[in-house]
Structures are given as structure tokens and as C-alpha cells.
1. Tell me, which residue of the stretch 135-158 that is in a helix (DSSP H, G or I) and among the hydroxyl-bearing types (Ser, Thr, Tyr) is surrounded by the most Cβ atoms within 10 Å (Cβ to Cβ)?
2. State whether the residues of the stretch 159-169 include one that is in the same structural domain as Gly248 (by TED's automatic domain parsing), acidic (Asp, Glu) and not in a helix (DSSP H, G or I).
3. If a residue has to be without any contact (Cβ under 8 Å) to a residue 24 or more places away in the chain and surrounded by 13 or more Cβ atoms within 10 Å (Cβ to Cβ) to count, how many in the stretch 242-267 make the cut?
4. Taking into account only those residues within the stretch 235-257 that are in contact with a Leu (Cβ under 7 Å, 6 or more places away or on another chain) and not polar (S, T, N, Q), which is farthest from Phe217 (Cα to Cα)?
5. Evaluate the following for Val247: is it at pLDDT 85 or above, assigned to a strand (DSSP E or B) and in contact with a helix residue (DSSP H, G or I) (Cβ under 9 Å, 6 or more places away or on another chain)?
6. Would you say Ser37 is surrounded by fewer than 20 Cβ atoms within 10 Å (Cβ to Cβ), under 27 Å from Ser208 (Cα atoms) and either under 27 Å from the mean Cα position of the chain (by Cα) or at pLDDT 90 or above (or both)?
7. As an exercise: evaluate Gly50 against (1) of a type outside the set (Phe, Trp, Tyr); (2) at pLDDT 90 or above; (3) touching a strand residue (DSSP E or B) at 6+ places or on another chain (Cβ under 6 Å) and give the number of the one condition it does not meet.
8. Just checking, how many residues over the stretch 34-69 are without any contact (Cβ under 8 Å) to a residue 60 or more places away in the chain and assigned to a helix (DSSP H, G or I)?
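The values are calculated or read from the model by the stated rules, or taken from the named source; none is laboratory data. Quantities reported herein were computed from a predicted structural model and do not represent experimental measurements. Cβ atoms come from the backbone with ideal geometry, glycine included; neighbour counts cover every protein chain shown.
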Amino acid sequence: MLLESLNALITAGDDALLTTCGLPSIGHHISQVRQGSLTFPSLGELRIKGGALQTVHLGSDSLLCGQLAGLVDAENDETGIETLTKRFLQQLLGELDSRNPRGRVHSQDIGPVNLMSRGLRSFGIRLETGVGQLFIMAEVPSRVEMEAARGSDYLQTMESAYMPRDWGNRQAIDNPLGVENFLVFLRKVEGDVYFEIPGEEDANCLRSGILLDKGTFEGERGLKFCADLSETSVGALSRGDEVRASVGIDDRSLQFVMRYLGQGTHALANGAELPCAFFEPPEKVTITQRRLAFRIPVISDIPVVLHCGDGSSSTSPWGDQEAAAEPLFHGTLADLSFSGARIIADGLTEESAEASGLELHRRVVCDINFPDRDLPLSLLGIVRRSTSRLVDRNQRQHELGLEFLIVGDSDRVALEHVRQFVLAEQRARLSQRIHVSGLS
């Protein structure tokens, strides 16, 4: 699904340039966009329903924008920018590997706009012409995300077919056939692989990748990952260096070590090439618990509100009142542990998610409205994960992962209440298990 979606974007861009203003593409450049905020020279934003892609941003440099501004469709009374955007969308819908994709031009904001990238499966495509460049940016969901949005049991089917029957209770997969099947599973579901790349001052940088296929690099058998691990993006990697990688499946982390072979490419449509990294296949996969603390799912509806916790909301200079601060995030508690929580957005749109500024490592105050308290319980936390995922074919759901912090005694008191709540829920679930087993 990744390669098909990238090919569709490239083909639609080339077609739109050629048919709208007679400009053939003379070069294609593809890159993975890192997480964070970036300025994008926008021509328009496209929204798609029923397809693998949800939102596509189209942009150009000033040269191409000037070229488009001089084109006017007298019959439809459209500018060149409007014609290009509509043509791109029409061609993209025809290329997408989906049953019945539908789309519209959501906005035509011409000029720089601020976009927030999730950093996972976010791709930037640059198409060069003799007169300027066309830019495309989109987030491509994985196969397992799309299948989950359709309500299928695809992940469970793939686990049954390729993973050991009791893999969740194992400490490792260490036989050659088991490791081989795990790699097939990883390729089919297009799971996110995280690489720990040595950085400056002995610090490791995390980079993500997607297993595409087997391949050979300079005559040596290897695995081909969609990942740019060249020296220009991270600390220098040399052939033969060992790199630790990990994949998350449910509440398990599957970790393995691979030997780096080098950087290469994967051929895409119209001569475009996707940057790839080659690794020697691992010999063993270690299975561990992903979380340091026991986590319970929260079934009841417990509202959560996040406020700024980094000191950016200043108080009154006279000390008589606090400055009013708009909440950053409204949601509900999805699960809870002694050390953190997962929160799901309550009606958060993509625009409000970007505007909230809940980037990684930001400090926040988390107000949890427990049912046994009259007032919310306030905890200081830090954002460790901020993601969105498909929940059905046309809707995304935003999630935050928080790690609780202890700064003073009030934080210790609040965390003790969280601890007691988790233990009580755990005891309740255990008693239900015992009661059911007694009936049988």
C-alpha cells in the first residue's frame, strides 16, 4: 500500500503538470518528513474519503506559481492554480488502490502555511520542471491501519499465519524459520520499524522505516527498508555497524539487531527512486513488555483536559489572578498505569490537532475527572507520543501518550490516587475472572 500510494502521487503530479501547463517533469525527489512543524508553500489542500490517503498538500515554488498565475481557463473561469489542483485530484483518485475513493479541494490557500507532521509515514515529493517545482506532501497509512479502519481482522489473521502460536508468551524467536516468518509478517502488515542510530556524544537517534522486501546490496543478501539513514540525516553509519531495531505489536516490543550494509534506492513510477537502507537479516528476535508499568484499559468514560504546563501562561503582575489559559486538548482516558496514561481526543479535528501544539517532550498539566472525586485530579506530565490513526475509512483519531512527572509533594499525592485507582480496577478484574472460572 505504501509503494502503490507513492506511485499514485507521482503519476498524478506528472500528469497534472503536463496537461495543465505543458511542463514535463525532469526530476523526482522523495524524502521522509520528520515529526514537527514545517512551513509549506501551499497551492491547495485535498481531502479524500474511501482511499488510502486522507489529506494531500499541494504546493509550488514562486517560479511555478507565477507560471500558473498566467494561465486562465476562460471556459470554466478558473485560474491555472485551480485547474492544476483539480486535475491532480482527479488523476489521483483514478490511480489510488481503493474501491470508491472520493475527494474534494478543501482549501486554496496560496502561500506559506504551517503544517504539523507526525513523522511516521509522512512523505514529501518534489517534481522538477523547466519552470519551477511542484511539491506534494502526504501521510501514507500502513496496510494494517487501513484494514483496521475497514473493521477487518487482518492483523489477527497475519499473526496466526506467520507468528508462532504462543509468541506473546515467549521471550524470543530464535529459530531461522520463525525469524523468517516474522520478517514476512512485518513486510505484509507494513509495520513501523524504529532504528537506534548512534548520534553525537553517545546519544542515539531514533529513525523509522518500513520493510519493503528482500534484496542484495553489493552482492550481499539483505533486507531493504524504506529509510534514509545516510550521513546527511543522522550520525555516520559504516558498513558492518550493528543497529538495534524494534517493532511494537499490541503490548509487546519485538527487538532485534541487524548489521548495516549501506544506502540504496527502490524504483518507483516514472523513474522516481525511494531512498532505502539495506541490512543483514537478524538471527534472533527478543520479545519484551513495551511498558514499564502495568496498564489497565479504562472502560468508563473519564474526561481529561490538558493545559499548558511549561510556564508559557504568565500570571498577573500584581499576583491577584492567574492568566486565562485555553485548554490544549479535550479527550477521554483510554488506559492508565502508575507512570502514565493514553488519552484519546474528543472530537479533535486535524486542524485543531495541529493548532494545539502538543509536540513531543512538551510539559502539560493533565486534569482527570475521576468519578469518585468532586474536583479534577491534576497531574504534571510530559508528552511522549502524539499520533493520529484511522478509525474508519473517513475519520482519524488523535491519541496522546503521557508520562507523569513528580516535581513536588502535590504530584506524589496525585500519583498515589492514580495508583490506588489502578490497583482497585486490577482487583475488580481479577475477582471477575475468579468468579467466571468458578462457574465453569
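1. Tyr154
2. yes
3. Of the residues in the stretch 242-267, 1 are without any contact (Cβ under 8 Å) to a residue 24 or more places away in the chain and surrounded by 13 or more Cβ atoms within 10 Å (Cβ to Cβ).
4. Here the answer is Val247.
5. Against the criterion (at pLDDT 85 or above, assigned to a strand (DSSP E or B) and in contact with a helix residue (DSSP H, G or I) (Cβ under 9 Å, 6 or more places away or on another chain)), Val247 qualifies.
6. Criteria met by Ser37.
7. Result: Gly50 passes all but (2).
8. Number satisfying all stated conditions: 2.
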